[in-house]
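Student: Dropping the structure in here first, questions after.
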Amino acid sequence: MNLRTFLAGFSTAAALLAMLPNAAAAYPDKPVTIVVPYSPGGATDSTARIMAQALQEETNVSFVVENVPGAGTTIGAGKVAKAPSDGYTLLFGGLSANVLAPQIYRDISSFNPVDAFDPVAGVASQPLILVVNSASKYQTLDQLLQDARQHPGALNFGSPGQGSAPHLISELFLAEAGIEATHVPFKGAAPAIAALIGGNIDFLLDTPTAPVSQIKAGRLRALGVTTQEKIDSLPDVPTMDSQGVTGFEASTWFAFFAPKGTDPEILGTLNGWVNHALQNPKVQALMKSAYLTAMPGSQDDLQRLAERERERWAAIIKAKDLQRK
């Protein structure tokens, strides 16, 4: 083959390649699956569905929520980690799926959270509130703390499950408040709240979604909120920081992640859509009603958040020997 023939063939091939559609430019041209690593009905699932609807309206393409629960979120997250990196399978993860579970279930997790995902966009954060039975002798957080210090280990607290975000935030609260209490895990928030109402546990830290209705019904009493700002619907409930647990602040958060190696243009497109959706008044109203605070930002913002959170929670997981085999 002489040089002229080679160049002619090369030019023809280049022309044919130029005619092929650019994957990023054509994205999305089919439904996008949002994997939620929990069963339907919880805060993660409901937030994902708010965003799926908003993104569908934004793009005129279906965003379909698929619930893949199990093994502390590692089954659903693992499914996304192994999916093609084409932007059509996303993980609706966050604190539990991308920070806590991979450290707690390290020996059974099928992926490394650092190597398996590209950050797409932050979505929202959600505070937790500390609640007691309305018949409890504790009228304030200070009373609970004083009793716990006088009787180390005598109090117990519930959570939606071993290694869940509320469990780890509860452990952080105990450490920063300088008290001890016994953890009683349940299979979800509903049975934990039922146990608190039934007088079987002393207190519970959980996102506001389920407890608020019981507070308004007079069955539970809220003693404190874990963020630096009060909750609009519970204006009389002070922050923990203002009640002697100085500097305490913690919340759970949700975000989109994609399989590692996804085209940067697709990641940028998704980030733009999510941030635009978070400015939608309808989305903002739905989030406010669910006690969510929008968390807009860049991919780098989400990456830095995940790195900070992994470092923060690693110490608690190690200190409490929470790794499970």
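Every number here is computed from the coordinates shown, using simple stated rules; none is lab data. Being a predicted model, the structure only gives us computed values, none of them experimental. Every residue, glycine among them, receives a Cβ derived from its backbone with ideal geometry; neighbour counts consider all protein chains shown.
Student: Run through the DSSP bridge list for the chain and note the antiparallel percent, rounded to the nearest 5.
Tutor: That works out to approximately 60 percent antiparallel.
Student: Which of the trypsin sites (Lys or Arg not before Pro) found in the stretch 49-135 are in a DSSP loop and have at most 13 neighbouring Cβ atoms, other than their own, within 10 Å?
Tutor: Taking the stretch 49-135 and a limit of 13 other Cβ atoms within 10 Å, the loop trypsin sites (Lys or Arg not before Pro) found are Lys82.
Student: What residue among Phe157, Ile169, Gln143 has its Cα farthest toward the positive end of the dipole of the stretch 129-243, where the charges are +1 on Lys, Arg and -1 on Asp, Glu, each on the Cβ?
Tutor: Toward the positive end, the furthest listed residue is Phe157.
Student: In addition: Hey, fewest Cβ within 10 Å first, where do Glu57, Glu249 land in order?
Tutor: Glu57, Glu249
Student: Which pairs break 22 Å Cα to Cα here: Lys79/Lys282; Lys30/Lys260; Lys137/Lys320; Lys216/Lys288; Lys30/Lys79; Lys230/Lys320? Intermediate values should be presented prior to the final figure.
Tutor: Values: Lys79/Lys282 31 Å; Lys30/Lys260 20 Å; Lys137/Lys320 29 Å; Lys216/Lys288 17 Å; Lys30/Lys79 19 Å; Lys230/Lys320 29 Å.
Cα-Cα > 22 Å for Lys79/Lys282; Lys137/Lys320; Lys230/Lys320; rest within.
Student: Neighbouring Cβ atoms within 10 Å as the yardstick, rank His276, His167 fewest first. Walk me through the numbers before you get to the answer.
Tutor: On the way: His276 14, His167 23.
Listing His276, His167 from fewest to most nearby Cβ atoms yields His276, His167.
Student: Label points 7 Å out from Cα along the Cβ direction at Glu311 and Ala71: separation in nm?
Tutor: Roughly 3.0 nm, to one decimal.
Student: For the stretch 256-322 and the stretch 115-169, what is the centre-to-centre distance using only Cα atoms, to the nearest Å?
Tutor: Using only Cα atoms to place each centre, the spacing works out to 22 Å.
Student: Give, as ranges by residue number, the residues of the stretch 249-287 whose backbone N falls under 15 Å from the point 7 Å along Cα→Cβ of Gln303.
Tutor: 257-269, 271
Student: Which whole number in µm²/s is D for the chain by Stokes-Einstein, with the Kirkwood Rh taken over Cα pairs at 20 °C and 1.002 mPa s?
Tutor: Result for D is 101 µm²/s.
Student: Separate question: Percent of alpha carbon pairs in the stretch 17-150 separated by more than 20 Å?
Tutor: Counting pairs separated by more than 20 Å, the tail of P(r) holds 57 percent.
Student: Moving on to the next point. Thinking of the stretch 129-243 as a set of Cα atoms, what percent of all their pairs are more than 23 Å apart? Can you show the working numbers first?
Tutor: On the way: 1213 of 6555 pairs.
Cα-Cα pairs in the stretch 129-243 separated by more than 23 Å: 19 percent.
Student: Under a Cβ-only charge scheme (Lys and Arg +1, Asp and Glu -1), can you give me the dipole magnitude of the stretch 168-225 about the Cα centre, in debye to the nearest 20?
Tutor: 360
Student: Quick check: the angle from helix 299-319's long axis to the longest principal axis of the chain, C-alpha only, nearest 10 degrees?
Tutor: Helix 299-319 sits roughly 40 degrees off the main axis of the chain.
Student: Compute for the stretch 79-183: radius of gyration divided by Kirkwood radius, i.e. Rg/Rh, restricted to C-alpha atoms, rounded to two decimals.
Tutor: Ratio of gyration radius to Kirkwood radius for the stretch 79-183: 1.11.
Student: Separate question: Below 15 angstrom from the Cβ of Asp232, what's the summed charge of the other residues (Lys, Arg +1; Asp, Glu -1)?
Tutor: On the way: positive: Lys216, Lys230, Lys288; negative: Glu229, Asp236.
Residues close to Asp232 contribute a combined charge of +1.
Student: Right, here's the next one. Straight-line reach only, C-alpha to C-alpha below 14 angstrom: list the aspartates and glutamates that Lys82 could link to, leaving out same-chain residues fewer than 8 apart.
Tutor: Lys82 reaches Asp115, Asp118.
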